[in-house]
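Let me begin by presenting the structure, written as structure tokens, before commenting on it.
Every number here is computed from the coordinates shown, using simple stated rules; none is lab data. Model, not experiment: these values are computed from the prediction. All Cβ positions, glycine included, derive from the backbone under ideal geometry; neighbour counts span all protein chains shown.
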Amino acid sequence: MYIVHIASECAPVIKAGGLGDVVYGLSRELEIRGNCVELILPMYDCMRYDHIWGLHDAYRDLMVPWYDATINCSVYCGWVHGRLCFFIKPNSWDQFFDRGCYYGCSDDDLRFAFFCKAALEFLLKSNKRPDILHCHDWQTGLVPVLLYEIYKHHGMWNQRVVYTIHNFKHQGVTGNETLIATGLKQFSYYYNYARLRDNFNPFAINMMKGGIVYSNYITTVSPHHAWEARHMDVSYGLGHTLHLHQSKFGGILNGIDYGVWNPEDDRYIPHPFGIDSFAEKAKNKKALRERLLLQDNDKPIVCFIGRLDEQKGVDLVHHAIYYSLSRGAQFVLLGAATEKRIDDHFRHEKNFLNDNPDCHLELGFNEELAHLIYAGADIIVVPSNFEPCGLTQMIGLRYGTVPVVRGVGGLVNTVFDWDYDQNLPPEKRNGFVFYQMGYDALESALGRAINLYTQTPQVFKQLALQGMEYDYSWNHPGEQYVELYDLIRHK
Ligand SMILES: Nc1ncnc2c1ncn2[C@@H]1O[C@H](COP(=O)(O)OP(=O)(O)O[C@H]2O[C@H](CO)[C@@H](O)[C@H](O)[C@H]2O)[C@@H](O)[C@H]1O
């Protein structure tokens, strides 16, 4: 099969969070399974060019219709750790992708609407006719809309679209400008509730809703989140749309790339280790302490790695720091805030805790340090408000770092409570789960983890090893995606 992913991120060249990991990891798995896979990405000025090999121009003077004129684009091509990527660079005064950031601009809706249009125009003009277009999140929601309403009539009638939603919170709610700019000019048609009209605001259109309505199949990133999205309020108003399109909606659990996340062969950790050489993990713990100037002692290290965003339960993250310290554990946090208010809060905490020999807060994005923390910590806390899948608990499991999670979304599908899971025998359990949003609930689960570490270290080690036995690679999800592609191709 010939599959093209169209996305706003691909790790490690463009990574703001888990979306980048998934686009890279799934593409790699699909290729291993014998498919021809290509990626179309924006050419941001701030991406990690050091992760691209053989960058060269692949298509000059791609004229992309935009409003009543065209924007000249160059398309560059290069390999990101083996994946063939096409990067779209518009040469216009808008400088859509030369902003020193991936997201967070006031015209993000137009930036990514343009990207959708340019990606399709590139496929059309370069005579690429993939069997499957796989789009991700709101940034590429307009791809199936434009394909069906415009590009189908130019000869792209045979392409099928899978649309994966990684996060319902950001939907690309926009207005007339986006329709006019992309050539979707019949307002009354697109503002119809059955098409793009936002479910809350009748005067706005919603790019993610467009992705849902027009795609051949929609997935979200875990079975439990697919259920939540339809039955609870975590789909931010799109529940009814998902209900209408339920026959083409399902959840496929993400994997993690076992080539990237492999404690036996990870270039960012000083001491490789595996199930049979678990003792080496302690050396990474020591290295982590040296790197972050933490005291070397008998305490467990509890960590948090993730975007500091309401989604991640920042108040519980904050509480976890002080609770861990009060229970005789150390705490390491690595996170970049998504809002100034949250950033200010954690900067204040960082200053306050600066001299504490048992705590380190690292504010910012640091891929290399993340690997060392996964390898060196004993416990990883993931107290999310909602979590479509969650990768950090799966990476933690791979590195023998026991997860303590809130039982929502994909966390329910991946972490099974050591004391209370009713469905699995003790030797299959791998972490600690709490359900309520209050501090007590977090404390009870984190407290059980810390107790197990300090009171029965051999049992804690056994639990860590059980977690390492789990297979959360892309192997199984890759198979499910291939089956899905086959299904929609032959419908
Ligand atoms: N400051 C930092 N420095 C270095 N690395 C950092 C970092 N902050 C985060 N990371 C890394 O980014 C990834 C984050 O994974 P998450 O599952 O938390 O994704 P996120 O919530 O962004 O994405 C959404 O998409 C993913 C993928 O579908 C879903 O799993 C998730 O539930 C959904 O919210 C991990 O690889 C983590 O190590």
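Here are some notes:
- Between amide H atoms placed 1.01 Å from N, distances below 5 Å from Phe249 occur with Ile218, all of them 5 or more places distant or on a separate chain.
- For the range 115-154 and the range 212-271, distance of Cα centres in Å: 22 Å
- Selection from Leu333, Ser8, Met208 lying farthest towards where the dipole of the chain points positive, charges on Cβ: Met208
- Under a model in which nothing but the beta-carbon of Lys, Arg (+1) and Asp, Glu (-1) is charged, the range 2-71 shows a dipole of about 180 debye around its Cα centre.
- Note on the chain: with charges restricted to the Cβ of Lys and Arg (+1) and Asp and Glu (-1), its dipole about the Cα centre is near 900 debye.
- Within the chain, DSSP assigns beta bridges of which about 30% are antiparallel (rounded to the nearest 5).
- DSSP-assigned coil residues among chymotrypsin sites (Phe, Trp or Tyr not before Pro) in the range 352-387, each with at most 15 further Cβ atoms within 10 Å: Phe365
- Among the GluC sites (Glu not before Pro) in the range 294-361, those placed in a DSSP loop whose Cβ has at most 13 other Cβ atoms within 10 Å are Glu339.
- The spacing between the range 72-108 and the range 351-399, judged by their C-alpha centroids, is 30 Å.
- For the range 275-468, with +1 on Lys and Arg beta carbons and -1 on Asp and Glu, the positive-most of Asn385, Met437, Asn413 along the dipole: Asn413
- Distances between placed amide hydrogens fall under 5 Å for Ala7 paired with Ile40, all partners being 5 or more residues away or on another chain.
- Cα centre as origin, Lys/Arg/Asp/Glu Cβ charges: the range 70-110 dipole, Debye: 280 debye
- Our helix-only sum for the chain, with -39,500 (n - 2.57) per DSSP H run of n ≥ 4 divided by its residues, gives a mean residue ellipticity at 222 nm of -11000 deg cm²/dmol.
- When the chain is described by a simple charge dipole with +1 on each Lys and Arg Cβ and -1 on each Asp and Glu Cβ, the residue from Asn354, Met43, Thr178 located farthest towards its positive end is Thr178.
- For the range 275-468: rounded, prolate or oblate by the Cα gyration tensor [a/c cutoff 1.5]: oblate
- Remark: for residue pairs Lys89/Lys350; Lys281/Lys428; Lys15/Lys283; Lys248/Lys340; Lys152/Lys248, the C-alpha separation exceeds 27 Å in Lys89/Lys350; Lys15/Lys283; Lys248/Lys340.
- In terms of the mean number of neighbouring beta-carbon atoms within 10 Å, the peptides 214-226, 251-263, 104-116, 74-86 order highest first as 214-226, 251-263, 104-116, 74-86.
- Environment charge of Phe365, counting only residues whose C-beta is closer than 10 Å and scoring Lys/Arg +1, Asp/Glu -1: 0
- DSSP-assigned coil residues among chymotrypsin sites (Phe, Trp or Tyr not before Pro) in the range 117-184, each with at most 11 further Cβ atoms within 10 Å: Trp157
- Taking the square roots of 5 times each eigenvalue of the Cα gyration tensor of the range 162-273, largest first, gives ellipsoid semi-axes of 35, 17, 12 Å.
- Alpha carbon convex hull of the chain, volume per residue in cubic angstrom: 143 Å³
- Amide hydrogen proximity for Ile71: with H placed 1.01 Å from N in the peptide plane, the residues at 5 or more positions away or on another chain lying under 5 Å are Val64, Trp66.
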